[in-house]
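The values are calculated or read from the model by the stated rules, or taken from the named source; none is laboratory data. Keep in mind it's a predicted model, so treat the numbers as computed, not measured. Methodologically, a virtual Cβ is constructed for each residue, glycine included, from the backbone with ideal geometry; neighbour enumeration extends over all protein chains shown. With ligands, DNA and RNA removed, areas are computed over all heavy atoms of the protein, side chains included. Shrake-Rupley method; radii C 1.70, N 1.55, O 1.52, S 1.80 Å.
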Amino acid sequence: MPTRAGLDWARAQHLYAEERAAFAAARPRSRALAQAAAGHLLFGVPLHWMDDWSTPFPLSVKRAQGAGFEDVDGHCYADFCLGDTGAMFGHSPAPVAQALARQGAQGLTAMLPSEDAPWVAAELARRFGLPFWQFAMTASDANRFLLRWARAISGRSQILVFNGCYHGTVDDVFVDLTPQGQPVMRDSLLGQVFDLTQHTRVVEFNDLTALEAALQDGQVACLLAEPAMTNIGMVLPEPGFWQAAQDLCRRHGTLLVLDETHTISSGPGGYARAHGLSPDMLVLGKPVAGGLPCAVYGFSAEVAQRAEAAKRAAPAGHSGIGTTLTANMLAMAAMRANLSEVMTEAAYLRMFELAARLAQGLRAVIARHAVPWCVTQVGARTEFQFAPRPPRNGSEAGAILDGELEHMIHLYLLNRGLSITPFHNMMLVCPATLEADVDRLIAAFDAFLSAVTI
């Protein structure tokens with residue numbers, strides 16, 4: 001495989017077997033918990049994704065604080081996964097933990113607004129430049145709700161996504177392109193009974209010609225996209241792409257919906273604010289409440305007016321938008337604390353410095369070992385990819401994924417007290433991350449390549 005150029009694959013496989021054995025021998029308590037869990041949890045874990053790590057059995061966590069966590073066997077880890085962005089500002093930030101304790105003693109949920117709600121909405125408007133907001137439990141829900149809003153206010157049924165995208169568990173977005181450029185439903189979907197391609201269009205990221213062709217018949221309600229793709233490996237927009245894409249959406253009456261759940265790594269106002277984009281609607285989940293389940297979605301003034309008109313014109317009854325626990329008092333308290341005291345300009349400056357140190361160090365290691373890999377960065381988010389240059393679209397990004405090689409690297413790092421995201425090779429830093437831990441990650445990455453390169 002091209003991703004393995006320069007590697008002694010037999011030596012790499014032997015090393016992987018050694019690392020699996022070492023992991024198992026050092027973690028008897030995690031092994032025992034995994035065996036107990038198998039009796040009542042599907043796949044032996046609370047969520048089947050937790051079985052996708054590189055480990056021979058799930059690693060059970062005892063506590064997580066700041067930039068690290070401790071497993072049930074007493075091993076400590078510098079955490080560069082950070083809950084796959086849920087803990088992007090560190091595990092259990094003190095202001096959020098304190099706000100949760102205070103609010104927990106005063107009520108958790110009432111299906112009524114709390115006094116924190118106006119403050120949170122005003123702060124979101126200030127940061128992101130969109131004046132009106134609603135809330136959800138997850139970014140999956142927020143994206144799902146915005147698709148419904150977009151269709152309701154536009155009267156159009158079609159949506160458009162980029163090939164290889166991920167926007168949570170939203171049925172409509174699981175449409176990919178074949179190598180021949182034909183739209184097909186993602187073959188890994190379970191229980192899918194209707195044809196998603198009837199109402200979802202898909203084009204490659206960074207392809208303005210294809211984007212315009214998909215929009216020109218005036219039937220697309222919205223383009224839902226991450227400003228930079230992050231869920232198939234990172235794919236950055238080419239210079240001028242988003243400015244032109246925005247213009248195309250406006251010309252054809254298509255709403256632009258940006259999912260900033262991962263690209264919030266770009267700054268306090270996300271990628272859009274950092275790069276001068278003006279979405280009609282925006283989604284943010286995962287870290288917005290400091291790790292407590294919560295998401296937010298915003299509207300421009302014009303779109304908010306159209307949304308309110310659509311709701312008022314509809315018959316009475318359930319809109320298909322919202323859940324009972326949405327915008328509960330606990331989540332609002334957590335968001336207020338996180339936005340006011342944790343998710344600050346100073347925190348981002350610290351994270352950017354650490355991410356730059358990490359990216360520079362990884363590039364130096366890759367160059368020293370002469371492997372045809374590259375490093376991609378979006379603010380506090382860094383990733384090494386198995387190609388000599390960053391991919392420009394989802395097809396290119398998908399082609400360079402190598403699950404077996406990823407697992408080898410991830411387990412090697414984990415056995416040395418370093419955790420990175422189990423899906424491709426993404427790493428996050430938080431304000432509590434130490435330079436020494438960044439340097440330790442770079443050194444371990446260097447050691448791995450020293451062990452497996454020809």
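Side notes on the structure shown:
- Filter result for residue 137 (over 21 Å from the mean Cα position of the chain (by Cα), of a type in the set (A, V, I, L, M), at pLDDT 95 or above and under 28 Å from residue 342 (Cα atoms)): no
- Selection from segment 29-54 of residues that are free of Cβ contacts under 8 Å to residues at least 60 places away in the same chain, open to solvent by less than 80 Å² (accessible area, probe 1.4 Å) and of a type outside the set (Val, Ile, Thr): 30, 32, 33, 34, 36, 37, 38, 39, 41, 44, 47, 51
- Residue 237 meets the conditions (1) within 28 Å of residue 338 (Cα to Cα); (2) part of a loop (DSSP other than H, G, I, E, B) in every case but one. The failed one is (1).
- Count of segment 192-224 residues, restricted to those that are of a type outside the set (Val, Ile, Thr), at pLDDT 95 or above and within 15 Å of residue 174 (Cβ to Cβ), is 6.
- In the set 418, 428, 413, only one residue is buried (at least 20 other Cβ atoms within 10 Å of the Cβ) and free of Cβ contacts under 8 Å to residues at least 40 places away in the same chain; that residue is 413.
- Checked against the criterion of being closer than 16 Å to residue 322 by Cβ, touching a residue at least 40 places away in the same chain (Cβ under 8 Å) and in a helix (DSSP H, G or I), segment 126-134 contains not a single residue that satisfies it.
- Positions within segment 171-201 being touching a Phe, Trp or Tyr at 6+ places or on another chain (Cβ under 7 Å) and in a strand (DSSP E or B), in sequence order: 185
- Segment 14-26 residues that are more than 12 Å from residue 451 (Cα to Cα), paired with ones that are open to solvent by less than 40 Å² (accessible area, probe 1.4 Å) and among the hydroxyl-bearing types (Ser, Thr, Tyr) (beta carbon under 7 Å, 6 or more apart): 19/412; 23/55
- Figure legend. Inter-residue proximity from segment 329-347: first residues under 12 Å from residue 98 (Cβ atoms), second residues surrounded by fewer than 22 Cβ atoms within 10 Å (Cβ to Cβ) and basic (Lys, Arg), beta-carbon distance below 9 Å, spacing 6+ or different chains. Indicated pairs: 333/102.
- Looking only at segment 98-125, and only at residues there that are without any contact (Cβ under 8 Å) to a residue 40 or more places away in the chain and more than 20 Å from residue 320 (Cα to Cα), the one that is most open to solvent (accessible area, probe 1.4 Å): 115
- Residues that are crowded, with 18+ Cβ neighbours inside 10 Å and not aliphatic (A, V, I, L, M) were ranked within segment 1-19; the one that is farthest from residue 445 (Cα to Cα) is 3.
- Residue in segment 76-90 that is open to solvent by 30 Å² or more (accessible area, probe 1.4 Å), touching a residue at least 40 places away in the same chain (Cβ under 8 Å) and part of a loop (DSSP other than H, G, I, E, B) present: no
- Selected residue (only one of 187, 141, 172 is acidic (Asp, Glu) and open to solvent by 50 Å² or more (accessible area, probe 1.4 Å)): 187
- Residues located in segment 408-454, provided they are in contact with a Ser or Thr (Cβ under 6 Å, 6 or more places away or on another chain) and in a helix (DSSP H, G or I): 410, 411
- Members of segment 254-310 that are basic (Lys, Arg) and under 30 Å from residue 92 (Cα atoms): 273, 286
- Residue list for segment 215-249, filter: farther than 22 Å from residue 263 by Cα and crowded, with 20+ Cβ neighbours inside 10 Å: 215, 220, 221
Results for (1) over 27 Å from residue 288 (Cα atoms); (2) touching a Lys or Arg at 6+ places or on another chain (Cβ under 6 Å); (3) surrounded by fewer than 21 Cβ atoms within 10 Å (Cβ to Cβ), shown as yes or no for each residue.
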position	(1), (2), (3)
349	no, no, yes
354	no, no, no
372	yes, no, yes
385	yes, no, no
388	yes, no, yes
423	no, no, yes
443	yes, no, yes
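Quick grid of which residues meet (1) within 27 Å of residue 275 (Cβ to Cβ); (2) part of a helix (DSSP H, G or I):
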{"residue": "112", "(1), (2)": "no, no"}
{"residue": "117", "(1), (2)": "no, yes"}
{"residue": "122", "(1), (2)": "yes, yes"}
{"residue": "141", "(1), (2)": "yes, yes"}
{"residue": "145", "(1), (2)": "yes, yes"}
{"residue": "148", "(1), (2)": "no, yes"}
{"residue": "151", "(1), (2)": "no, yes"}
{"residue": "160", "(1), (2)": "yes, no"}
{"residue": "164", "(1), (2)": "yes, no"}
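- The helices (runs of 4 or more DSSP H) found entirely in segment 297-373 that carry 3 or more residues being more than 24 Å from residue 79 (Cα to Cα), in contact with a Leu (Cβ under 7 Å, 6 or more places away or on another chain) and at pLDDT 95 or above are 329-337.
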